[in-house]
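Each remark here refers to the structure printed beneath this line.
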Amino acid sequence: MSLQRDEVRAIFSGIVPSYDFLNHFLSLGMDFLWRRTLARSLSLHDGEYVLDTACGTGDTALAIARTWKANVFGLDFSREMLIRGREKARGTVISFLQGRAEDAPFQSASFDAISIAFGIRNLPDEDARMRGLKEFHRLLKPGGRLAVLEFSCPRFFPFRAYIKYLVPFIGNFVSRSNAYTYLRDTIAEFPDQEAFAGMMTGAGFRQVRWRDFTGGVATLYIGEKSL
């Protein structure tokens with residue numbers, strides 16, 4: 001299912017009230033572990049700068065801020081998501097801004113690390129994803145690290161059936177939208193682990209590797225910008 005950017009923004013802006021609950025419920029709470037693992041993988045030092053792109057309501061940015069004494073920025077194209085993120089992040093040092101992952105409003109070499117969790121899949125096609133990866137490379141300082149957490153097509157039948165049938169049924173029923181049918185379809189269309197790692201290498205990243213979670217339901221990709 002290929003949608004235009006405004007259509008994707010409308011989908012996500014419309015499910016904000018149920019978004020956090022469904023993320024935790026449909027992942028059986030595993031998304032907390034996945035995000036904490038992403039945060040630890042960034043290997044930050046005190047005072048460094050990290051950008052969480054497609055930040056949604058801020059769960060990954062919060063995981064990073066709780067793991068490291070870093071300057072954390074969250075970027076998302078949905079104003080409604082950002083409003084919820086700011087509410088959740090009160091009392092933290094996270095700064096939220098509205099903008100697009102593939103055209104971020106920052107100078108080159110601004111960040112020591114960049115993360116994106118369940119967001120690069122929503123860029124409309126392979127060309128847009130490659131632009132996003134090249135933009136992340138531009139924004140990173142030499143030696144900086146990119147962490148991409150994304151859904152994958154599970155290897156085992158019970159997990160595949162859960163993603164294909166139960167996730168859209170439960171998600172659409174609770175959110176009263178077709179957002180979780182869109183989720184299922186974009187997971188099916190997303191490149192496999194080797195192909196996406198190849199895209200990261202093609203965008204200029206080195207030492208690209210990945211780690212699967214929960215039978216391949218989600219995958220964490222790590223890459224570094226050359227010194």
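The values are calculated or read from the model by the stated rules, or taken from the named source; none is laboratory data. Keep in mind it's a predicted model, so treat the numbers as computed, not measured. Here the Cβ is made from the backbone with ideal geometry for all residues, glycine too, and neighbour counts use every protein chain on show. Ligands, DNA and RNA are excluded from the accessible area calculation, which covers all protein heavy atoms including side chains. Shrake-Rupley method; radii C 1.70, N 1.55, O 1.52, S 1.80 Å.
A few notes on this one:
- Each Cα pair under 8 Å and six or more residues apart adds its sequence gap; the mean of these over the residue count of the stretch 83-148 is a relative contact order of 42 percent.
- Taken over the chain, lysine pairs spaced eight or more positions apart, or on distinct chains, with alpha carbons under 24 Å apart number 5.
- Angle in degrees between helix 5-14 and the longest Cα principal axis of the chain, rounded to the nearest 10: 70 degrees
- Cα gyration tensor category, rounded, prolate or oblate, for the stretch 3-72 with a/c compared to 1.5: oblate
- Projected-area mean, the chain, by convex hull of Cα positions, square nanometres: 10.8 nm²
- D_trans [Stokes-Einstein, Kirkwood Rh over alpha-carbon pairs] for the stretch 28-141, 4 °C, 1.567 mPa s, µm² s⁻¹: 92 µm²/s
- The fraction of accessible area contributed by carbon and sulfur in the stretch 52-117 is 44 percent, rounded to a whole number (1.4 Å probe; ligands and nucleic acids excluded).
- Shape of the stretch 108-150, Cα gyration tensor, a/c cut at 1.5: oblate
- Prolate/oblate/rounded call for the stretch 93-227, Cα gyration tensor, a/c under 1.5 rounded: prolate
- Sites M130 and R206 - FRET efficiency at Förster radius 22 Å, r taken between beta-carbons, to 0.05: 0.85
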